[in-house]
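Just so it is clear, none of the values below were taken in a lab; they were calculated from the coordinates. Quantities reported herein were computed from a predicted structural model and do not represent experimental measurements. All Cβ positions, glycine included, derive from the backbone under ideal geometry; neighbour counts span all protein chains shown.
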Amino acid sequence: MVEDYKVFRVHKNEKGLKSGFEQQAFEPIAEDQVRIKVKHSSINYKDALGVTGKGKIFRKLPIVPGIDAVGEVVESKYADCPKGSSVIVTGCGLGELHDGGYGQYVTVPGDWVVALPDGLSMKEAMILGTAGFTAAICVYRLELNGLKPSHGPVLVTGASGGVGSVAVDILSSRSYEVVAVSRKAEAEGYLKSIGAKAVIKPDEIIGLKRPLESTKYAAAIDNLGGQALGGVLACIDLWGSVASVGLALDHELRTTVMPFILRGVSLLGISSTNCPYPLRKELWQKLAGEYKPRHLEEIVKGEVPLSQIDQAFMPFIERKTSGRYIVNCQE
Ligand SMILES: NC(=O)c1ccc[n+]([C@@H]2O[C@H](COP(=O)([O-])OP(=O)(O)OC[C@H]3O[C@@H](n4cnc5c(N)ncnc54)[C@H](OP(=O)(O)O)[C@@H]3O)[C@@H](O)[C@H]2O)c1
């Protein structure tokens, strides 16, 4: 009988954050909780910000980071989630205020857990992870607000990143003409291979300083914020929508009310962490079906064993990554 398991844990000391591998004893699980043997986690920009201390992500310390996990339930005190089920957990405070996916096992409240849908392997679920789930919320909300492929091109900023890559793939497979915005000249071939029709530089958007410019796009998914989001809003067509996801450039928003009151443009807020449970379930079903990206094998750029996770974060901070990275939590 195994008595303990490996986790990667972050502590706070007088010099800042310190992280490393530890053995964690199995403790009894509480009512309404489930214990999951974690097969895979993933690395999101948020995880890298937290572990390196570049962003204030953790709301408790010490903590096992990792905002995503997929695996098999090995112990359950939650009726809807029996032992033996394959499950996904993303967001909900995992890896932020509750020990997360960077361990061989994780214990979570049963109502955070979504059953792994038919049509999605555990590996595919983590290639998607929070990034893919967030892209799905964007597409869902844009279409709920009336977007159709016939309305015109859809812009995706920060396109070579995790959210951007999955968004490009889902939109193009739903017959949208996708214009990807990327700083990386070398990403053009990759973005076209996953469905982008055209790739433009961020300057073409960030350089737009007026609140209203010529309209070019029916809708947009924005990962950058700041002047990029201001520029995006300025060139959205009448009654189009913009999903605001990220702040990779800036957390501020520079615009005026003009796009909203003169063109009927909608700004849709995207918050994956606290997505209501019924919608969370519905969107994971869609990710295994009508939203399932066709190019997951191109989007996944690396698989990191848990035993080497400590070396995996700096490339995210240095902005050297593209696509998605998964973690093998049993290695
Ligand atoms: N609202 C939510 O629920 C939610 C969920 C997940 C993520 N997010 C946020 O959404 C954003 C994207 O997340 P992600 O996981 O896709 O991150 P990511 O993999 O690091 O991708 C971000 C992309 O943004 C672009 N970028 C980064 N810094 C930039 C800069 N200074 N100027 C212009 N472009 C820049 C890069 O794409 P190019 O090189 O192609 O330009 C980069 O690949 C992040 O801000 C993240 O915090 C929000």
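Determine, for each peptide in 318-331, 215-228, the mean count of other beta carbons within 10 angstrom over its residues, then list the peptides with the highest first.
In decreasing order of mean packing, 318-331, 215-228 become 215-228, 318-331.
Classify segment 79-136: rounded, prolate or oblate, from the alpha-carbon gyration tensor (a ≥ b ≥ c, eigenvalue square roots; a/c under 1.5 rounded; otherwise prolate if a/b is larger than b/c)?
Cα axes put segment 79-136 in the oblate bin.
Rounded to the nearest 500, what is the chain's calculated 222 nm mean residue ellipticity when only DSSP H runs of at least 4 contribute -39500 (n - 2.57) each, over all residues?
-7500 deg cm²/dmol
If each residue of separation counts as 0.36 nm, what is the full-extension length gain between residue 250 and residue 311 once their alpha-carbon separation is subtracted?
Result: 19.3 nm gained on full extension.
Could you name the aspartates and glutamates whose alpha carbon sits less than 15 Å from that of residue 123, not counting residues in the same chain fewer than 8 places away?
68, 72, 297, 298, 303, 331
How much length, in nm to one decimal, is gained on full extension between residue 2 and residue 56, taken as 0.36 nm per residue of separation minus their Cα-Cα distance?
Here the answer is 16.0 nm.
Please compute the net charge surrounding residue 234, taking Lys and Arg as +1 and Asp and Glu as -1 over other residues with Cβ under 15 Å from its Cβ.
Surrounding charge for residue 234 is 0.
Among DSSP beta bridges whose residues both lie in the chain, state the antiparallel percentage, nearest 5.
Roughly 60 percent of the DSSP beta bridges within the chain come out antiparallel.
State which entries of 54/201; 148/281; 15/201; 60/286; 39/77; 12/201 exceed 28 angstrom in Cα-Cα distance in the structure shown.
15/201; 60/286; 12/201
How far is the Cα center of segment 285-304 from the Cα center of segment 208-254, in Å?
Taking the Cα centre of segment 208-254 as reference, the centre of segment 285-304 is 26 Å away.
Separation of segment 140-179 and segment 188-206 by C-alpha centroid, Å?
12
Measuring from a point 7 Å past the Cα of residue 21 along Cα-to-C-beta, which residues in segment 94-125 have an amide N at less than 19 Å?
100-106
What does the charge count around residue 217 come to, taking other residues whose C-beta lies under 10 Å from its C-beta (Lys +1, Arg +1, Asp -1, Glu -1)?
-1
Could you grab the relative contact order for the chain? Cα pairs under 8 Å, six or more apart, rounded to a whole percent.
Rounded, it is 18 percent for the chain.
Could you check how many percent of all C-alpha pairs in the chain are farther apart than 36 Å?
20
For a protection proxy built on the mean count of beta-carbon atoms within 10 angstrom, sort 185-193, 29-37 highest first, please.
Per-residue Cβ counts within 10 Å, averaged per peptide and sorted highest first, yield 29-37, 185-193.
Using only C-alpha atoms and all pairs of different ones, pull out the Kirkwood radius for segment 131-269 in Å with one decimal.
14.3 Å is the Kirkwood radius here.
Using alpha-carbon positions, what is the distance between the centroids of segment 43-61 and segment 98-139, in Å?
Cα centres, segment 43-61 to segment 98-139: 18 Å.
Going by average Cβ neighbours within 10 Å, how do the peptides 198-207, 97-106 rank, with the highest at the top?
So the peptides 198-207, 97-106, ranked by packing, come out 97-106, 198-207.
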